[in-house]
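Just below is one structure, and these are the notes that go with it.
Values in this text are rule-based calculations from the coordinates and carry no lab data. Quick caveat: nothing in here was measured; it's all calculated off a predicted structure. Positions of Cβ are generated from backbone atoms using ideal geometry, with glycine treated the same way; all protein chains shown enter the neighbour counts.
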Amino acid sequence: MIWYPYEQMKTMREPYEIVGAEGVWLDTKEGRMIDSISSWWSVIHGYRHPVLTEAIVKQARQFSHVMLGGLTHEPVKRLADKLAEWLPGDLDYCFFSDSGSVGVEVALKMALQYYINRGELQRTGILSLTHAYHGDTFKTMEAGDDEDYHFILEACGEKKDVIHIPTEIPALEEAFARFHTKLNCLIVEPLLQGAGGMRMYDVSFLKRARQLCDQYDVLLIFDEVATGFGRTGNRFVADLVQPDILVLGKALTGGYIGHAVTVANRKVYEGFYSDNPDHALMHGPTFMGNALACSAALASIELFETERYMDKIAGIEEITRQEMAGFSDPRIREVRMMGGCVCVEVKDAKTLEGYQQFARARGVFSRPFLKYLYAMVPYVIREEELVCVLDCMKAWFRR
Ligand SMILES: *Cc1c(COP(=O)(O)O)cnc(C)c1O
């Protein structure tokens, strides 16, 4: 018996059974549909891409996995080198893990221990955003702010070490002024907050955050598990404002195998580098640096560069803006878009009831949540396929 995610098992609808997939298409026995959400925002090159498949198969013929404790191998070394070269500035120190949530846990642990290693034990506080989502493990739930997903936290009492602020500069300044001596980090999903409702905000907030973090000596963490690899129309938001710690996941392997990486800059790394064994980072997921995942990630990054994905994403944004121009309905609160993400926020969640089946009948797979109907398509989508996805969204309000 499979226990499905985020579902009341007693009332859930039967999931669609996938028997094959290629490009943006998912095949079921009853017919095919476009995956408009890239399997939770990860499958940026589409399904069954020959280059990714070949990279995994080739590595599997050598070996699939060895532990990273006391052992190392070429795919993980090449991926770490590639990321160090590809990511901005001195974000050079790569700690691998098996999922985004764990990658964020590692980032939070790094930030806390960075100050413990300096003897600053009072810095247990985390500054975070309202509507933040950072994963489903316990510390990431605490850093997050989502009563719809994480109401279970109430059972643990107050989150005494986490302060949430809106994405407004005055709130940011006030929080730093009041709490800076207790903070070890500010963690954000930069520019685009995903699971909290595809909320978009301005880069000026991040620039001010960088200044304040420098002024008060607090670490800045970017959780780019969702935004990384072009989703916001920037390769990484870290290209615009550089964090001290960057977390990547989801699209890291092109969505082919679960993997994540927590990348620290030199300052953070040096906070652990010493003759004192107690200053070591005590963490080590069993499957960190998995050779199949690293091989897939290397192939994914190469495709991203050689096939000019940033141009593809700019094209997706342009078509989306054209197609959605002038689209409105009294039931809609806002239509917003950024890079490869478009979201229709409705006033009442009931407005979206039945949308999934409606889209299915039109050959589109969609999974709206709460008040949010959105698309985050694979970047390889063709114009007519993208128009089909957007037409489907518009048609729902014109029934
Ligand atoms: C999906 C997501 C995570 C969690 O990643 P998992 O691989 O599901 O554990 C963390 N942060 C953000 C911003 C995400 O979108």
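Worth a mention:
- Relative to its residue count, the range 1-126 spans a Cα convex hull of 227 Å³ per residue.
- Across all directions, the shadow cast by the convex hull of the chain built on its C-alpha atoms averages 20.7 square nanometres.
- Under a model in which nothing but the beta-carbon of Lys, Arg (+1) and Asp, Glu (-1) is charged, the chain shows a dipole of about 600 debye around its Cα centre.
- Translational diffusion of the range 224-295, estimated by Stokes-Einstein from the Kirkwood radius over alpha carbon pairs at 37 °C in a medium of 0.692 mPa s, is 236 µm² per second.
- Computing Rg and the Kirkwood Rh from the Cα coordinates of the range 221-265 gives a ratio, Rg/Rh, of 0.95.
- Gain in span if fully extended, residue 163 to residue 202, counting 0.36 nm per residue against the direct Cα distance: 12.0 nm
- Summing Cβ point charges (Lys, Arg +1; Asp, Glu -1) relative to the Cα centre of the range 186-331 gives a dipole of roughly 280 debye.
- Ordering 165, 60, 26 by Cα displacement along the dipole of the chain toward the positive end leaves 26 in first place; charges were set at the Cβ atoms of Lys, Arg (+1) and Asp, Glu (-1).
- The fraction of all Cα pairs in the range 217-360 landing in successive 5 Å bins from 0 to the largest distance is 2, 8, 12, 14, 15, 14, 12, 9, 6, 3, 2, 1, 0, given as whole percents.
- More than 14 angstrom apart: percent of Cα pairs within the range 326-393: 59 percent
- Sorted by Cβ neighbour density within 10 Å, fewest at the top, the residues 283, 134: 283, 134
- Equivalent ellipsoid of the range 289-376: semi-axes from √(5λ) of the C-alpha gyration tensor, largest first, are 31, 18, 11 Å.
- Taking Cβ atoms as reference points and 10 Å as the exclusive limit, the residues near residue 125 contribute a net charge of +2, counting Lys and Arg as +1 and Asp and Glu as -1.
- The range 63-146 - Rg (one decimal) and Dmax (whole number), Cα, Å: 15.7, 45
- Along the axis of the charge dipole computed for the range 277-374 (Cβ charges of +1 for Lys and Arg, -1 for Asp and Glu, origin at the Cα centre), the listed residues 304, 335, 282 are led at the positive end by 335.
- The Rg/Rh ratio for the range 360-399, using Cα coordinates for both the radius of gyration and the Kirkwood hydrodynamic radius, is 0.95.
- By the Cα gyration tensor, the range 101-195 has an equivalent ellipsoid whose semi-axes, rounded to whole angstrom, run 20, 17, 13 from largest to smallest.
- What you get for the range 4-139, charging only the Cβ of Lys and Arg (+1) and of Asp and Glu (-1), is a dipole of about 240 debye around the Cα centre.
- Among the GluC sites (Glu not before Pro) found in the range 163-249, those both in a DSSP coil and sparsely packed, with 15 or fewer other Cβ atoms within 10 Å of their Cβ, are 168.
- Near residue 270: Cβ cut-off under 15 Å, other residues only, Lys/Arg at +1 and Asp/Glu at -1. The net charge is -2.
- Its relative contact order, with pairs defined as Cα atoms under 8 Å and 6+ residues apart, puts the chain at 23 percent.
- Charge tally in the Cβ shell below 10 Å around residue 294, where Lys, Arg are +1 and Asp, Glu are -1, residue 294 excluded: +2
- Distance between modelled label sites at residue 29 and residue 358, nm, 7 Å Cα→Cβ extension: 2.9 nm
- Residue order, fewest to most surrounding Cβ atoms within 10 angstrom, among 40, 25: 40, 25
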